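Following: one structure in structure tokens, then a few remarks.
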Amino acid sequence: MRRPLLILSIAVFGSCVLFRQTLERDPVTHVLLLLPALAVAGWLMAVSLGRHRLRLREADANALTLLGVFAILFWMLPRYIDASLTNPLVEAAKFISVPLCIGAVLAVSWKATHPFLRGFLKANALSMLGVLAFLYIHAPVRICNSYLEVDQQRLGYGFLFVALALSLVWAVPLFFPADGGATPNKHLSGRATA
Amino acid sequence: MADVKAEPHTGAVKFSMLIAGAVFALMMVIGLVMRAAQGNLIELEAPFFYQLLSVHGAGMVGTAGLSGAAVMWYFVGRYVPLSARMYWAFIALFLLGVVFILTAIFIGRYGGGWTFLFPLPAISGEAWEPWAAALFMLGYVSIGVGFLLYHLAVGYPIMKHYGGFARALGWHVGFGGADPADAPPPAIVAAAAVTIFNTIGIIVGAAVLVASLVHLLVPGFAVDALLAKNMIFFFGHVFINASIYMAVIAVYEIVPEYTGRPWKTSRVFVLAWTAILLFVMAVYPHHLLQDVVMPPWALVLGQVVSYLSGIPLLAVTAFSLCVYLHGSKMRWDLASSLLVLAVAGWSVGTVPAIIDGMISVNKIMHNTQWVPGHFHIYLLLGVVAMSFGFMAWLVRGTKASESGMSGLDRMAFGAYALGAAGFALMFLISGAMSVPRRWAVHLPEWVLQDRIATAFAVLVVVSTLVFVIKYAVRLGRAPG
Ligand code: HEM
Ligand SMILES: [Cu+2]
């Protein structure tokens with residue numbers, strides 16, 4: 001067990017609970033700050049409890065990753081975000097399921113997931129963030145009861161920025177892998193540093 | 001995956017090229033029918049013309065993509081181990097998409113064009129129901145997902161094997177001053193570049209497709225029309241260009257067998273491919289030169305980069321080809337002839353394209369047949385000729401009696417080159433006379449060119465049938 005990470009995880013989760021109302025007042029902080037922070041808390045928890053001791057088979061890892069993705073999709077639906085503001089049960093479900101089913105599950109499964117599935121999910125995540133941006137910026141109606149149309153548009157731009165940021169974060173290592181590539185070409189072995 | 005060794009998946013690729021050849025032939029017949037209808041040689045109901053135009057556009061672009069993908073898969077397989085299962089998944093999704101598109105067009109009567117430009121698919125004036133437009137787009141989604149899998153399956157092993165895309169693109173040679181002997185082979189440089197920009201194109205395309213689908217299902221959800229147009233043309237431009245850039249790998253890999261000199265990755269070659277990688281994505285605004293609401297800088301960028309984009313690679317490829325051909329004992333057969341023709345056709349085709357890329361010219365020419373004129377040159381005489389050359393090479397004879405060109409080969413080759421050039425030239429002439437593109441019914445003054453073009457198209461169709469049937473027959477005969 002790694003205690004500092006555990007403490008950090010609890011601290012993140014605690015702040016989420018503590019600043020719940022402030023963060024939920026604005027859909028941008030609600031969706032782009034509170035939800036990711038909850039997931040991070042779950043991730044840290046799984047890491048601190050020693051996820052490396054789990055030896056997952058690839059098929060199980062793939063299945064778990066898909067579970068995590070479904071949880072993400074679920075919490076992207078406006079109606080559940082809306083419901084979590086009015087229904088304490090849904091709110092509780094959010095505070096439990098996001099750390100566990102998204103953060104912890106992906107912490108355990110992601111690395112062992114098949115690289116093709118990982119790449120596919122990343123590409124899809126970018127496309128879908130684009131779709132959300134499209135729809136939220138131009139939606140003619142209020143999608144959430146609790147938030148205004150202007151808020152919804154700001155959230156749309158937020159999705160767009162997240163998509164751009166993620167595409168950079170994900171693309172750069174493809175060009176310059178940290179390990180210099182697992183099995184570089186044999187006749188390149190005497191190469192200068194990239 | 002580690003125990004798989006690098007070898008081309010000959011069977012799967014031969015199968016793909018059989019499909020591609022057959023669909024090319026079929027879509028050409030449809031093109032012929034459209035051209036004959038414009039020339040009043042046959043009667044077509046206008047809505048049916050637009051269904052044919054949609055299936056011709058989508059079918060040709062999709063098939064060009066498929067054949068480019070097959071070429072690239074084959075040759076990348078020489079250098080890195082590839083997953084055959086992923087390839088079959090790609091083919092399955094591709095064919096599923098084809099079924100959706102055909103159903104949407106021929107049963108659902110969708111006729112909104114291959115560019116599904118927002119909001120046209122949703123406002124058909126009752127010509128087709130929303131479900132037909134939705135099914136058409138779902139067909140694209142399926143093909144797009146297939147291509148995404150394809151590029152993951154190509155990109156990942158390349159990245160692993162060459163230590164990241166920077167090295168696969170040869171940047172250590174292009175910018176780092178490393179010895180060109182350390183560079184990956186041309187096929188890998190090309191495959192890495194295409195994989196990067198086509199994946200980006202697909203991600204953008206998927207976003208606008210899904211948003212358009214939502215709009216069809218919930219019409220209240222409008223999308224921004226100008227943004228949608230930008231995204232659609234970004235995707236369309238990148239995708240059709242990717243098909244050319246994938247198919248050209250056949251030239252790099254096959255021509256050396258005929259000249260006896262290997263095609264090497266040089267520093268200039270690396271720089272040209274890096275230029276393509278950037279510019280192919282920056283030039284798409286040349287499709288929007290008529291949209292006066294676009295920011296002027298974007299249009300100027302589109303114009304300027306249009307010059308820069310194609311030229312370096314084309315120059316490098318065409319120039320190297322001349323150098324390799326010159327002074328080597330080239331063996332001419334159907335495959336090598338078609339491949340050399342393809343590089344020539346591709347080069348010639350960019351000239352009218354660049355002319356159209358000038359904002360001042362584009363104001364007048366854009367919606368005329370000048371546009372189909374230029375792209376039919378580098379599609380018919382470029383991509384399709386490369387595909388047919390690759391097919392001929394796949395089933396090339398090994399016996400001495402089968403090397404060289406038979407009389408039939410010679411005739412088919414000549415008819416194809418002449419037919420395609422003449423056919424495209426007639427489009428250019430019509431365009432220069434301001435005949436609009438995409439019109440089902442032509443005025444009497446325009447009909448003469450239409451009829452001459454129809455005759456040239458017959459030559460193309462007949463010679464294509466010769467190529468494809470010969471391929472199918474030899475495929476049946478060849479072991480494996
Ligand atoms: C015998 C060969 C061919 C014939 C007879 C033919 C005929 C035509 C005709 C008549 C049009 C409509 C022109 C207009 O706008 O008035 C057209 C459009 C088009 N063709 Fe072809 N074509 C041939 C080959 C090809 C090939 C090989 C490709 C691509 C690989 C291709 C791609 C397209 C595309 C993308 C369009 C534009 C569709 C649109 O405007 O929505 N064609 N063709
Ligand atoms: Cu273009």
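Quick notes on this structure:
- Selected residue [touching a residue at least 24 places away in the same chain (Cβ under 8 Å), within 14 Å of chain A (Cβ to nearest Cβ), more than 16 Å from ligand 2 (Cβ to nearest atom) and within 24 Å of B:Arg396 (Cβ to Cβ)] from B:Ala12, B:Ala84, B:Ala25, B:Ala70: B:Ala84
- Only one entry of B:Ala247, B:Ala211, B:Ala192 meets the criterion of being at pLDDT 95 or above, away from ligand 1 (no atom under 16 Å from the Cβ) and surrounded by 21 or more Cβ atoms within 10 Å (Cβ to Cβ), and that entry is B:Ala192.
- The numbered conditions (1) surrounded by fewer than 23 Cβ atoms within 10 Å (Cβ to Cβ); (2) facing another protein chain (nearest Cβ under 9 Å); (3) within 17 Å of the chain's Cα centre (by Cα) are all true for B:Ile202 except (1).
- B:Ser430 being within 15 Å of ligand 1 (Cβ to nearest atom) and either part of a loop (DSSP other than H, G, I, E, B) or open to solvent by 40 Å² or more (accessible area, probe 1.4 Å) (or both): no
- Residues of region B:435-446 that are at negative phi and either without any contact (Cβ under 8 Å) to a residue 60 or more places away in the chain or surrounded by fewer than 16 Cβ atoms within 10 Å (Cβ to Cβ) (or both): B:Pro436, B:Trp439, B:Val441, B:Leu443, B:Pro444, B:Glu445.
- In region B:226-243, the qualifying residues are those that are within 14 Å of ligand 1 (Cβ to nearest atom) and aliphatic (A, V, I, L, M), and the one that is nearest to B:Tyr378 (Cα to Cα) is B:Ile240.
- Filter result (open to solvent by less than 20 Å² (accessible area, probe 1.4 Å) and either away from ligand 2 (no atom under 13 Å from the Cβ) or not in a helix (DSSP H, G or I) (or both)) within region B:217-244: B:Val223, B:Ala228
- Any chance B:Ser403 is open to solvent by less than 30 Å² (accessible area, probe 1.4 Å) and hydroxyl-bearing (Ser, Thr, Tyr): no
- Which listed residue, of B:Val292, B:Val268, B:Val305, is within 18 Å of B:Tyr378 (Cβ to Cβ) and not basic (Lys, Arg): B:Val305
- When residues in region B:173-218 are screened for being in contact with a Ser or Thr (Cβ under 6 Å, 6 or more places away or on another chain), over 17 Å from B:Leu117 (Cα atoms) and free of Cβ contacts under 8 Å to residues at least 60 places away in the same chain, 1 of them pass.
- Looking at A:Leu85, A:Leu77, A:Leu100, just one residue is within 14 Å of another protein chain (Cβ to nearest Cβ) and open to solvent by 50 Å² or more (accessible area, probe 1.4 Å), and that residue is A:Leu77.
- For region A:1-59, the set of residues classified as part of a loop (DSSP other than H, G, I, E, B) and open to solvent by 30 Å² or more (accessible area, probe 1.4 Å) consists of A:Met1, A:Arg2, A:Phe19, A:Asp26, A:Leu49, A:Leu54, A:Arg55, A:Leu56, A:Arg57, listed by residue number.
- Exactly one residue out of B:Val441, B:Val462, B:Val468, B:Val458 is more than 25 Å from B:Ile354 (Cβ to Cβ) and in contact with a Gly (Cβ under 7 Å, 6 or more places away or on another chain): that is B:Val468.
- A:Val141 more than 14 Å from chain B (Cβ to nearest Cβ) and open to solvent by 40 Å² or more (accessible area, probe 1.4 Å): no
- Annotation for region B:450-464: no member residue is under 23 Å from the mean Cα position of the chain (by Cα), open to solvent by 70 Å² or more (accessible area, probe 1.4 Å) and more than 12 Å from ligand 1 (Cβ to nearest atom).
- Those residues of region B:268-304 which are within 19 Å of B:Met365 (Cα to Cα), open to solvent by less than 10 Å² (accessible area, probe 1.4 Å) and either assigned to a helix (DSSP H, G or I) or of a type in the set (Gly, Ala, Ser) (or both), in sequence order: B:Pro285, B:Leu288, B:Gly302
- Search result, residues across region B:146-173 that are over 22 Å from the mean Cα position of the chain (by Cα) and within 7 Å of chain A (Cβ to nearest Cβ): B:Tyr156, B:Met159, B:Lys160, B:His161, B:Tyr162, B:Gly163, B:Gly164, B:Phe165, B:Ala166, B:Arg167, B:His172
- Members of region B:61-88 that are in contact with a Pro (Cβ under 9 Å, 6 or more places away or on another chain) and among the charged types (D, E, K, R): B:Arg78
- Inspection of region B:259-271 identifies no residue that is in contact (Cβ under 8 Å) with a residue 24 or more places away in the chain and within 16 Å of ligand 2 (Cβ to nearest atom).
- Residue within region B:304-317 that is closer than 30 Å to B:Met411 by Cβ and modelled with pLDDT of 90 or more present: no
- Against the test of being over 18 Å from B:Gly21 (Cβ atoms) and of a type in the set (A, V, I, L, M), the options B:Ala440, B:Ala415 yield a single qualifying residue, B:Ala440.
The values are calculated or read from the model by the stated rules, or taken from the named source; none is laboratory data. Owing to the predicted nature of the structure, the values given are computational and were not obtained by experimental measurement. A quick note on method: Cβ atoms are made from the backbone with ideal geometry, for glycine too, and the neighbour counts reach across all protein chains shown. The protein model used for the area step is the full one, side chains on, heavy atoms only, and it has no ligands, DNA or RNA in it. Shrake-Rupley method; radii C 1.70, N 1.55, O 1.52, S 1.80 Å.
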